[in-house]
Amino acid sequence: MRAARGRWATIVAGEEETGEEETGEEETGEEETGEEETGEEETMEVVVKRVASWVGLAGHLCTLPFYLASGLVAPLWAIVVLLALWLALLGVSVWAVRARSPWGLLVPVAAVGLWLGGVSAGEAFLGWTA
């Protein structure tokens with residue numbers, strides 16, 4: 001308790017402990033400037049990743065009408081399979097947002113590819129027609 005109280009008194013007095021021994025040499029502003037730039041770059045990188053993942057989620061949500069409109073061409077079982085795949089990709093997209101992963105941008109691309117490939121294959125090989 002006494003050590004905590006001593007540390008608090010030091011912090012309140014404006015002399016924060018850094019955990020490093022003092023060498024008697026004064027620090028130059030060069031290191032601090034370099035750390036700030038690195039912090040800003042990391043912050044910008046995090047923002048870009050976050051925005052990219054949200055854009056991927058929004059793009060994926062924009063593919064839902066195409067999957068729902070498949071009912072005009074595909075039978076019920078195919079629509080269920082396509083919607084199950086869409087939901088799986090939604091899970092991947094939500095994971096990308098939570099992980100702040102820019103890979104989330106590929107989710108709508110994969111969704112369009114699966115839908116277009118599935119419907120085209122059904123028309124070509126299974127005789128689906130509108």
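Worth pointing out:
- Residues whose amide H lies under 5 Å from that of residue 128, counting only those 5 or more places away or on a different chain, are 123; hydrogens are built 1.01 Å from N in the peptide plane.
- Placing one equal scatterer on every Cα of the stretch 31-125 and applying the Debye formula, the log10 ratio I(q)/I(0) at q = 0.15, 0.18 Å⁻¹ is -0.62, -0.78.
- ³J(HN,Hα) computed for each position of the stretch 103-109 - Karplus, 6.51 cos²θ - 1.76 cosθ + 1.60, integer Hz, glycine/proline x: 5, x, 5, 7, 4, x, 5
- For the stretch 66-80, 3J(HN,Hα) per residue [Karplus equation, 6.51 cos²θ - 1.76 cosθ + 1.60, θ = phi - 60°, Hz, x = Gly/Pro]: 5, 5, 5, 6, 5, x, 6, 10, 9, x, 4, 4, 6, 5, 4
- Rel. contact order, % - alpha carbon contacts under 8 angstrom, at least six apart, the stretch 31-125: 40 percent
- Each of 129, 63 has some number of other Cβ atoms within 10 Å of its Cβ, and from fewest to most they run 129, 63.
Only the coordinates and a few stated rules stand behind these numbers; no lab work does. Only a predicted model underlies this, so the values are computations on that prediction, with no experimental measurement involved. Because the Cβ atoms are built from the backbone with ideal geometry, glycine has one as well, and the counts that use them run over all protein chains shown.
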